[in-house]
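The structure under discussion appears below in the form of C-alpha cells.
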Ligand SMILES: [Zn+2]
C-alpha cells in the first residue's frame, strides 16, 4: 500500500484574525493514483447456490462478471456508498476518534457504509447517531467524492448540531468539537475526511472574513451559509 502523501498547505485568516496554515483540498493536487485497491476477481462461490463461480463476459455484457458454473447466476460488483456528515456547532466541527480498524485511534467525520432500505440522507443521519450520539439537523449535500481506487463513493452532508451532548457508540473512542486551528490534520483517518474537513474549515474562515468586512458580528449559528458543495472527480483512497 502506498504511503499517504502530505497535502499542500495555504494560509488563511482565522475568525480571531490570526493567519493559519491549512491543508488544501486534495483535489488540487496533481498526483493521482490509478492502481485499484479493491480485489478484482475475488468472488469464488455463487451467492445463490454456493457452487464455484468463474469470471467471464456474459452474453450481451461488455465486462467480466462472476458467473455461477451451475445455476449461471451473475454476481455483479459495484462501488459501495459511504455516507456521513460534517456536524457544525458555531465555528467548530465534530470529529470522532476511531475505535476500529482501519486507522484505529485517528479522527474522522461520522460516516459509514450506506445500508439497503435507506436514503443517503437517512444513512448519514444514522451513522452520525451511531458513531457520535449527536443530535443534528441535516442540511444539504456538501461533498461527493469518487474514491475509484477502492471502489467507493463518499457523500458528506452538512449538519447543524442541536446541542453538545454526545454519546459515542462502540465504534468511537470519543467525540469532540474542534475549532479550525485545533483540527488534528495529521491525525485524520482518511483522505476524503481531510478534504471535506479542509473545505469546510476554509469556507468557515471565508465566511468570517466576509462578516468582518461588513462589520457584522462573527457569531454565526453555523458555517452553513458559506460552504459551497465540493464535487471531486476522483481521489486516491478513502
Ligand atoms: Zn449458483
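Just so you know, all these numbers are worked out from the coordinates, no wet-lab data involved. The structure presented is a predicted model; accordingly, all values stated were derived computationally and were not measured. Heads up, the Cβs are rebuilt from the backbone with ideal geometry, glycines too, and the neighbour counts pull from every protein chain shown.
Let me know the shape class of the range 29-152, please: from the alpha-carbon gyration tensor, a ≥ b ≥ c as square roots of the eigenvalues, rounded when a/c is under 1.5, otherwise prolate if a/b is greater than b/c, or oblate.
Prolate.
May I ask you to compute the full-extension gain from residue 209 to residue 100, defined as 0.36 nm times their residue separation minus their alpha-carbon distance, rounded to one decimal in nm?
Extending this stretch completely gives an extra 35.4 nm.
Taking R0 as 22 Å, what's the FRET efficiency between residue 141 and residue 80 from their Cβ-Cβ distance, rounded to 0.05? Please report the intermediate quantities before stating the final value.
On the way: r = 18 Å, r/R0 = 0.80.
With R0 = 22 Å, the Cβ-Cβ based efficiency is 0.80.
Given axes a ≥ b ≥ c from the Cα gyration tensor, I'd like to know whether the range 113-223 is rounded (a/c under 1.5), prolate (a/b larger than b/c) or oblate.
prolate
In whole angstrom, note down how far apart the Cα centers of the range 191-217 and the range 113-188 are.
Here the two parts' Cα centres lie 18 Å apart.
Pop a pseudo-label 7 angstrom from the Cα along the beta-carbon direction at both residue 186 and residue 62 and give the gap in nm to one decimal.
4.7 nm
Out of all DSSP beta bridges in the range 80-232, what portion is antiparallel? Express it as a percent rounded to 5. Don't jump to the answer; show the numbers that get you there.
Values: 23 of 36 bridges.
Here the antiparallel bridges make up roughly 65 percent for the range 80-232.
How do 96, 71 rank when sorted from fewest to most other Cβ atoms within 10 Å of their own Cβ?
If I rank by nearby Cβ atoms, fewest first, I get 71, 96.
Over the range 80-232, what is the relative contact order in percent, taking alpha-carbon pairs closer than 8 angstrom and at least six residues apart? If you can, show how the numbers build up before the last one.
Values: 320 pairs, mean separation 46.8, N = 153.
After rounding, I find 31 percent.
Rank by packing, highest mean first: peptides 54-64, 135-145, with packing defined as the count of other Cβ atoms within 10 Å averaged across residues.
135-145, 54-64
Order of 76, 156, 38 from fewest to most other C-beta atoms within 10 Å? Don't skip to the answer; put the middle values down first.
Values: 76 8, 156 28, 38 13.
If I rank by nearby Cβ atoms, fewest first, I get 76, 38, 156.
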